[in-house]
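Rule-based calculations on the coordinates, nothing more; no lab input. Quick caveat: nothing in here was measured; it's all calculated off a predicted structure. Virtual Cβ from ideal backbone geometry, glycine too; neighbours counted across all protein chains shown.
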């Protein structure tokens, strides 16, 4: 009974909604809401990787590239073409999905380290384009993103963005949970463990991998669009290699394949650097040390380990 | 028209001829066994038939349709299912979920309804779960349905693979050493199960080293040696074939077979 409850879709969503609702009551200032909103956005991007890496077992070291596509779509669309930012968010997501579809076909034939390096190369190319096509992207300094107006209401301030990003995360978590419990999710998890047995069961392995890659790209692009609009700024760094690695680290620290784990992993890597600023010069070293410690003591990730511990306590 | 027909199949790996000009055909309801010493090319033959390797020579037909070199998932759609000598289990999933994956082709739900968790997707999952539960019962594994596959014993996983293969409602079922590593009781259960599967009209192709099992349940036996067709016929005939005795069974094997026949 307890096990069923802990692993049910509804329980995860209720818990997530409760956290999103409670944080503003506890936050002493708008700064904390701003940090929380960044957590929700990165959690959303990490959820895409949860589907790709956690469910289907396919690594992507270039995922921030898709984040950049979403971000620049929201920046370039209104500035160059006068399009509404919300429409640009949709266009960015569609572009990222299309690009993932085209690139994914040849790239996903590769496995393991080879796939990792190929996706890495893809991410580097995207970051380079954002960096050097300065007539469109503003170059290394990035570009301003116009303020968003929705139904005549100007979307600004930490509180508004907190709720927008929290809502987006809820939708993203809901979809990721749905996939996990569906025939598609079972097919992805199956090919993660044995491609040959999955194919033998009639699963079109390359088509399913491609679907996971496209879905993951769309998640990242939406997150990138929200991030750019919230910050009012997008730079090539957002699409850079370090962000790709961070996304992968979030998924693994939180717990590979766990939807709630992606959120916890994102919180870990967004909040900790802020919390450790009092250490000045040692901040990065302590952060690295903490990541290592968590991986050594909770190798299955924070959420799966906690869930197991809770289940053992309850039974 | 045979349900499965293999003609002149061959493949080489870097100059080594692994399977050379092998042919056989299997009818519905038949148990067709492939035996031969280690390295005879039995599993390679399975891999050629099930699309894991593309044959260099020869043809595979199912019910008259040429299916040579089709991708494994397309062969599965045409009714071919298999188990693996070295277990290919979804270790992170439960036993029940393993069999549910086997029902993949029977599942009717779109990507969109899966994404949005529409009632159709949930209904499909419930139907799949019920069917998978029935199959677990059939192979006697309903009590471990919710255990993670990675925690189950070898003999249990062998039966789980059969349940997963059956979940696809195959017309042709290829079993690669289903009784390997199983104790006498488990072997007995698998023996019984294979008989039942064949009786339901499935063409069963079996690779097995347990001669007692092979002699007892096979309608026909094909003997491979060094990738080549050595002999084929009913178990009794193959057992008495001097070439087979010399090349493979030996004195010990003949005694085993005698014992099987009582």
Quiz item: When the Cα centres of segment B:130-147 and segment B:1-35 are compared, how far apart do they sit, in Å?
Solution: 33 Å
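Using 0.36 nm per residue, how much length does the chain from residue B:236 to residue B:219 gain when fully extended, once their Cα-Cα distance is taken away? Display every interim value, and only then the final one.
Numbers: separation 17, 0.36 × 17 = 6.12 nm, distance 0.99 nm.
Stretched fully, the residue B:236-residue B:219 segment lengthens by 5.1 nm.
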Quiz item: residue A:285 versus residue B:151, label points 7 Å from Cα toward the beta carbon: distance in nm?
Solution: 4.3 nm
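Just rank B:92, A:147, fewest to most, by other beta-carbon atoms within 10 angstrom.
On the way: B:92 17, A:147 12.
Lowest count first: A:147, B:92.
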Quiz item: Suppose R0 equals 25 Å; then what is the FRET efficiency for residue B:226 and residue B:57 from their Cβ-Cβ distance, rounded to the nearest 0.05?
Solution: 0.90
Quiz prompt | Value of D in µm² per second that Stokes-Einstein yields for segment A:2-314, Kirkwood Rh from Cα pairs, at 10 °C (1.306 mPa s) | solution = 80 µm²/s
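Just tell me how shielded B:121-130 is by partners: mean number of partner chain Cβ atoms within 10 Å of each residue's Cβ, no decimals.
On the way: counts 7, 4, 0, 2, 5, 0, 0, 2, 0, 0.
Partner-chain Cβ atoms within 10 Å, mean over residues of B:121-130: 2.
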Exercise. Taking every pair of Cα atoms in the protein assembly as shown, average 1/r, invert it to obtain the Kirkwood radius, and report Rg/Rh to two decimals.
Key: 1.07
Quiz item: Once you treat every alpha carbon in segment B:90-167 as an equal point and sum by Debye, what is log10 I(q)/I(0) at q = 0.15, 0.18, 0.22 Å⁻¹?
Solution: -0.50, -0.67, -0.91
Quiz prompt | Where only alpha carbons of segment A:245-293 are counted, the Rg and the Dmax (Å) | solution = 11.1, 34
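Cut-off is 10 Å between beta-carbons; in what order do A:189, A:208, B:216 appear when sorted fewest neighbours first?
Working: A:189 21, A:208 24, B:216 16.
Neighbour counts put them in this order, fewest first: B:216, A:189, A:208.
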Quiz item: For chain A, what does -39500 (n - 2.57) per DSSP helix run (n ≥ 4), summed and divided by total residues, give at 222 nm, in deg cm²/dmol to the nearest 500?
Solution: -24000 deg cm²/dmol
Exercise. Express in whole angstrom the spacing between the alpha-carbon centres of segment A:140-214 and segment B:85-111.
Key: 23 Å
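For segment B:167-234, what relative contact order do you get, as a whole percent, if you take Cα pairs closer than 8 Å and at least 6 residues apart?
Details: 65 pairs, mean separation 21.5, N = 68.
The value is 32 percent.
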Practice problem: Mind sorting B:24, A:130, B:13 by how few other Cβ atoms lie within 10 Å of their own Cβ, fewest first? | Solution: B:13, B:24, A:130
Quiz prompt | Degrees, to the nearest 10: B:250-261 long Cα axis against longest axis of chain B | solution = 60 degrees
Quiz item: Which percentage, to the nearest 5, of the DSSP beta bridges contained in chain B is antiparallel?
Solution: 55 percent
Quiz item: Based on the Kirkwood radius over alpha-carbon pairs, what is the Stokes-Einstein translational diffusion coefficient of segment B:130-197 at 37 °C with 0.692 mPa s viscosity, in µm²/s?
Solution: 268 µm²/s
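Using only the Cα atoms, what convex hull volume per residue in Å³ does segment A:160-315 have?
167 Å³
If the chain between residue A:242 and residue A:296 were fully stretched, how many nm would it gain, using 0.36 nm times the residue separation less the Cα-Cα distance? Provide the component values of the computation, followed by the final result.
Values: separation 54, 0.36 × 54 = 19.44 nm, distance 2.20 nm.
Gain in length upon complete extension: 17.2 nm.
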Quiz item: Hey, got the average number of other protein chain Cβ atoms within 10 angstrom for residues in A:154-161?
Solution: 0
Practice problem: Before anything else, pin down the relative contact order of chain B: Cα pairs under 8 Å, at least 6 apart, normalised by residue count, whole percent. | Solution: 26 percent
Practice problem: Using Cα pairs closer than 8 Å and at least 6 residues apart in sequence, work out the relative contact order for chain A, in percent. | Solution: 33 percent
Quiz item: Hey, rough spin-label estimate for residue B:106 and residue A:171, points 7 angstrom out along Cα→Cβ, what's it come to in nanometres?
Solution: 3.7 nm
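On average, how many beta carbons from a partner chain sit within 10 Å of the beta carbon of a residue in B:70-81?
That average works out to 4.
Among bridges DSSP assigns within the protein assembly as shown, what percent are antiparallel (round to 5)?
Numbers: 25 of 41 bridges.
Looking only at bridges with both residues in the protein assembly as shown, the antiparallel portion is about 60 percent.
In nm, what is the difference between 0.36 nm times the number of residues separating residue A:79 and residue A:153 and their Cα-Cα distance?
On the way: separation 74, 0.36 × 74 = 26.64 nm, distance 1.93 nm.
Extra length from residue A:79 to residue A:153 when fully extended: 24.7 nm.
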Quiz item: Using the alpha-carbon centroid of each, what span in Å lies between segment A:1-76 and segment B:208-233?
Solution: 57 Å
